[in-house]
Amino acid sequence: MSLRHGKEFLMIPGPTNVPEEVLRAMHRPAVDIYEGPLLETTDYCLTSLKQLFRTQGRTYIYAANGHGAWDAALCNTLNRGDKILVLESGRVALGWGEAAEITGLTVEILPGSWKAGVDPARLEDRLKQDTAHEIAAILVVQVDTASGVWNDIEALRKAIDAAGHPALFMVDTIASLGCMPFEMDAWGVDVALTGSQKGLMCPPGLSFVAASPKADKAHENANLRTNYTDWTFRQGPEHYQKYCGTPPEHLLYAFQKALELLFGEGVENAWNRHALLGEATRRAVAEWSREGALDFNISEPHARSNSVTVVRLDSAHATALRTFTKEICGVTIGGTIGEISGEGIRIAHMGHVNAVMLLGTLSTIELGLETLKIPYGKGGVQAAISYLSEAI
Ligand SMILES: *Cc1c(COP(=O)(O)O)cnc(C)c1O
């Protein structure tokens, strides 16, 4: 039997659901890149990014996925051989560190856990030992999509300040911007970056970087600069320089429309929607975990992200459950990656997601647990509903 034929849901932590309006915004002819309305689209996107990152700093748009923004952050501000400190809390920051190594930087990992956020006290200790201030930059992710952790960026900034350390503070917000509070200037972030295809509801292919005045200063002497990523060139007077070549017109139309949707909802309202859907998911998982086979990957409740929930279960159950939800019911949920590859599921509640999609997904997972006779605590969906009915 199959119950698949109907509207299918993609509930993986990126790429995420692209709203119809955003898809339609791309369906138009190419336009002139030297003058006319495209220039206004560029201005709108660059200015809106400041609003999203909550910064007065400069913003940049790359025709690249998130990995491209990682390169842009590093190459524009650092020098060959510089030492950087990568704060581990899952897979993603480590991947950024691997990119840094290839780029010519010396990488130190501050070891962390897959089950908890980065500990500010450990960061402070490590920075206090660096009396010569050899560490030029500190890299962290706000949300790690592999572990499901949320890192407290404000607390990490305070730890850097408590150690009196001058390193640049760089934050990857690819899985959190538009979903959860982020305050680049208020929290003292020097370089922030994100991508189009997660909380920002666009197709993959654009990424965005914002730079503080301190990052601008570091940029002046940075010798890792590359032609494509270079901020100085991108500040030039010609429109094409903003993209170092042909602007990715159709993705810009998509992004403009997605921004209009997000601002139409209200960014704080979007954060709140994610908070409610995230907590509803956690209520369901907590019930399912009471008996048997499932558990949260992140052990501390406050460090579980509002954009993705990572649930551990043994690989045979995880595979069977994901196959069931997809093939029989039409909901694609994520598998786990990296060091916990295969050993769980990832339920995304990120971007263009409403109560229908989330409750439908949770119900489908519970149907799968029941049908496949995976040991679980009953009442997960009811717990999610009870929570939402109180919270809304
Ligand atoms: C998805 C993701 C990335 C990688 O982005 P790509 O567009 O695949 O390069 C990096 N960081 C975080 C936090 C992510 O969620």
Problem set entry | Around residue 272: net Lys/Arg minus Asp/Glu count, Cβ-Cβ under 13 Å | -2
For this session: Quick one: which residues, 5+ away or cross-chain, put their amide H under 5 Å from the amide H of residue 109? H built at 1.01 Å from N.
Result: 86
Seminar exercise, completed: Taking Cα atoms only, helix 267-288 is inclined relative to the longest principal axis of the chain by an angle, in degrees rounded to 10, of 40
For this session: Read phi for every residue in segment 246-256 and hand back ³J(HN,Hα) as whole Hz from Karplus 6.51 cos²θ - 1.76 cosθ + 1.60, θ = phi - 60°, with x for Gly and Pro.
Result: 4, x, x, 3, 5, 5, 5, 4, 4, 5, 4
Problem set entry | 5 angstrom amide H check on residue 89, placed H, neighbours 5+ away | 94
Seminar exercise, completed: Residue by residue through segment 29-34, the couplings from Karplus 6.51 cos²θ - 1.76 cosθ + 1.60 with θ = phi - 60°, in Hz, x for Gly and Pro, are x, 5, 10, 4, 9, 9
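Roughly how compact is segment 20-263, stated as its Cα Rg over 2.2 N^0.38 Å to two decimals?
Taking the Cα Rg and dividing by 2.2 N^0.38 Å, one obtains 0.99.
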Problem set entry | Over the chain, relative contact order from alpha-carbon pairs under 8 Å, at least 6 apart, % | 24
Exercise. Can you give the alpha-carbon Rg of segment 322-392 over 2.2 N^0.38 Å, where N counts its residues?
Worked result: 1.17
Exercise. Using alpha carbons only, how many degrees (0 to 90, rounded to 10) separate the axis of helix 355-371 from the longest principal axis of the chain?
Worked result: 50
Exercise. Please identify the chymotrypsin sites (Phe, Trp or Tyr not before Pro) of segment 171-270 that satisfy two criteria: DSSP loop assignment and at most 12 other Cβ atoms within 10 Å. Which are they?
Worked result: none
Exercise. If you find the alpha carbon centre of segment 110-134 and of segment 212-245, how far apart are they in angstrom?
Worked result: 30
Exercise. For q = 0.16, 0.17 Å⁻¹, what log10 I(q)/I(0) does segment 39-168 give under the Debye formula with an equal point scatterer on each alpha carbon and no solvent?
Worked result: -0.88, -0.98
Exercise. For residue 314 and residue 389, what does the FRET efficiency come to when R0 = 41 Å and r is the distance between their Cβ atoms, rounded to the nearest 0.05?
Worked result: 0.80
Problem set entry | 3J(HN,Hα) from dihedral phi, segment 166-175, Karplus parametrisation 6.51/-1.76/1.60, rounded to Hz, x for glycine, proline | x, 4, 5, 10, 10, 10, 8, 10, 4, 9
Seminar exercise, completed: To the nearest 10 degrees, the tilt of helix 120-129 (Cα long axis) against the first principal axis of the alpha carbons of the chain is 30
For this session: Calculate the dipole size of the chain relative to its Cα centre from +1 charges on Lys and Arg beta carbons and -1 charges on Asp and Glu beta carbons; express the result in debye to the nearest 20.
Result: 580
For this session: Taking 7 Å along the Cα-to-C-beta vector as the label spot, tell me the residue 30-residue 300 distance in nanometres, rounded to one decimal.
Result: 5.1
Exercise. Rounded, prolate or oblate: which one fits segment 182-243, using the alpha carbon gyration tensor with axes a ≥ b ≥ c (rounded when a/c is under 1.5, else prolate when a/b beats b/c, else oblate)?
Worked result: oblate
For this session: Beyond 27 Å between alpha-carbons counts as too far, so tell me which of 83/217; 198/242; 50/128; 115/214; 50/217 fall in that bin.
Result: 50/128; 115/214
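Using the Cα atoms of segment 122-244 to build a convex hull, what is its mean projected area in square nanometres?
8.9
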Problem set entry | Long-range amide H partners of residue 308 with built H, under 5 Å | 349
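Read-outs: derived from the displayed coordinates by stated rules, not from any lab. What you see is a predicted model; the values in this text were computed from it and never measured. Note that each Cβ is placed from the backbone with ideal geometry, even for glycine, and that neighbours are counted across all protein chains shown.
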